[in-house]
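What follows is a short report on a single structure.
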Amino acid sequence: MTIEPALDFGPALPRGAALKALVRALREAGIDSAPIDGRVLLCAALGIDHAMLIRDPDRPLGSGAATLVAFAARRLQREPVSRILGQREFWQARFKIAPEVLDPRPETETLVEAILDHAARFPRENWRILDIGTGSGAILCSVLQSLSEASGVGVDISPAACAVARDNLAAFGLESRGFIVCGDWVRAFRGRFDVIVSNPPYVASGAIGGLEPEVRHDPRVALDGGEDGLAAYRDIIPALPGLLAPGGLVALELGADQYFAVESLLRGRFEYPAEVRLDLYGRRRVVLARDGARGGA
């Protein structure tokens, strides 16, 4: 898709007029979040905040006009705003992302909520966290920020993803408590962890082409869960009992309608039955399993 002439913004075009034109074009392209996306992209292109946009709608775009045109072209190609800007708001922070990592989404915050709820119910010192398939490191960083005495390891098969995760740990001053290992799932190391968390690839291979255009900008390795979407769970789950500390928690993100299949893979490996957590849309998003050596049911 090419930029329409009306979106060939010139430096003299007022900010308010540019925003209206951009929102209109995004709506015509079928983008439901057009008002928010347009405002965020315009502010980012001009290096201003929302208050400055409201205060000076008649001020010309100036030197930011060319950047706004480039941003608009990418969004009209259904590239997510987070990828255009190279950052994503997640939990309580803003994370760097890159083409090589999954774009963390609000539904995944359900994993963080479940871990922190477990930590509050069964307190202990010096939590040890393992994040399998860490990607940007957003989950690991969020947990470490919330549990000040925790330490953790993130593992990912992608060297580029590992570099992004290390950058995010450093950006939040967590590099002394967080470590990134580049390797294949749980075969990269040994140890015992109080919490094992993962948002693995869980989309069936044949379904990837039918995903929303924005989702298809994620790297295929972070999406492709094999023929039935369960390949990563089959690979990870058998190794978990040997990595989980007494009384520890396993928290796994799920795709649509995968709860019962994943619960059956977990069954018999942990003392307590699996639990489920719903996401913001009421979907079964997270499955939890606990070792029973410490802590009540």
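Of the residues making up region 30-51, those that are exposed (fewer than 14 other Cβ atoms within 10 Å of the Cβ) and hydrophobic (A, V, I, L, M, F, W, C) are ILE36, ALA51.
Would region 170-180 turn up any residue that is assigned to a loop (DSSP other than H, G, I, E, B) and either charged (D, E, K, R) or touching a Phe, Trp or Tyr at 6+ places or on another chain (Cβ under 6 Å) (or both)? Looking through region 170-180, at least one residue is assigned to a loop (DSSP other than H, G, I, E, B) and either charged (D, E, K, R) or touching a Phe, Trp or Tyr at 6+ places or on another chain (Cβ under 6 Å) (or both). Scanning region 65-83 finds one or more residues that are within 30 Å of THR108 (Cα to Cα) and touching a strand residue (DSSP E or B) at 6+ places or on another chain (Cβ under 6 Å).
Being touching a Gly at 6+ places or on another chain (Cβ under 7 Å) and either free of Cβ contacts under 8 Å to residues at least 24 places away in the same chain or among the β-branched types (Val, Ile, Thr) (or both) is the filter here; which residues of region 126-142 pass it? Scanning region 126-142 gives ILE129, THR134. Count of region 148-167 residues, restricted to those that are over 10 Å from SER136 (Cα atoms) and surrounded by fewer than 16 Cβ atoms within 10 Å (Cβ to Cβ), is 4. Out of ALA232, ALA251, one residue alone is in the same structural domain as ASP117 (by TED's automatic domain parsing) and either in contact with a strand residue (DSSP E or B) (Cβ under 7 Å, 6 or more places away or on another chain) or surrounded by fewer than 19 Cβ atoms within 10 Å (Cβ to Cβ) (or both). It is ALA251. The residues in region 168-227 that are buried (at least 18 other Cβ atoms within 10 Å of the Cβ), more than 17 Å from the chain's Cα centre (by Cα) and polar (S, T, N, Q) can be counted, and the count is 0.
For region 102-113, name all the residues that are over 21 Å from VAL215 (Cβ atoms) and buried (at least 23 other Cβ atoms within 10 Å of the Cβ). Correct list: empty.
Does GLY229 count as touching a residue at least 24 places away in the same chain (Cβ under 8 Å) and either in a loop (DSSP other than H, G, I, E, B) or on the phi > 0 side of the Ramachandran plot (or both)? Taking the combined requirement at face value, the residue satisfies it.
All of TYR259, TYR202 fail the test of being among the hydroxyl-bearing types (Ser, Thr, Tyr), in contact (Cβ under 8 Å) with a residue 12 or more places away in the chain, in contact with a Phe, Trp or Tyr (Cβ under 8 Å, 6 or more places away or on another chain) and within 29 Å of PHE270 (Cβ to Cβ), apart from TYR202. A single entry from ALA207, ALA251, ALA245 fulfils the requirement of being outside any strand (DSSP E or B) and hydrophobic (A, V, I, L, M, F, W, C): ALA207. In summary, ASP49 fulfils each of the numbered conditions (1) over 29 Å from ARG284 (Cβ atoms); (2) in contact (Cβ under 8 Å) with a residue 12 or more places away in the chain with the single exception of condition (2).
Among the criteria (1) surrounded by 20 or more Cβ atoms within 10 Å (Cβ to Cβ); (2) touching a residue at least 40 places away in the same chain (Cβ under 8 Å); (3) under 20 Å from the mean Cα position of the chain (by Cα), the one TYR281 does not fulfil is (1). All told, VAL197 meets the bar of being in the same structural domain as VAL143 (by TED's automatic domain parsing), modelled with pLDDT of 95 or more and not in a loop (DSSP other than H, G, I, E, B). Taken over region 87-99, the criterion of being buried (at least 19 other Cβ atoms within 10 Å of the Cβ) and either within 16 Å of ARG74 (Cβ to Cβ) or over 11 Å from the mean Cα position of the chain (by Cα) (or both) is satisfied by ARG88, ILE97.
When ARG234 is tested against (1) more than 25 Å from SER205 (Cα to Cα); (2) among the basic types (Lys, Arg); (3) at pLDDT 90 or above, just one condition goes unmet, and that condition is (1).
The values are calculated or read from the model by the stated rules, or taken from the named source; none is laboratory data. Quantities reported herein were computed from a predicted structural model and do not represent experimental measurements. Cβ coordinates were reconstructed from backbone atoms using ideal geometry, including for glycine residues, and neighbour counts include every protein chain displayed.
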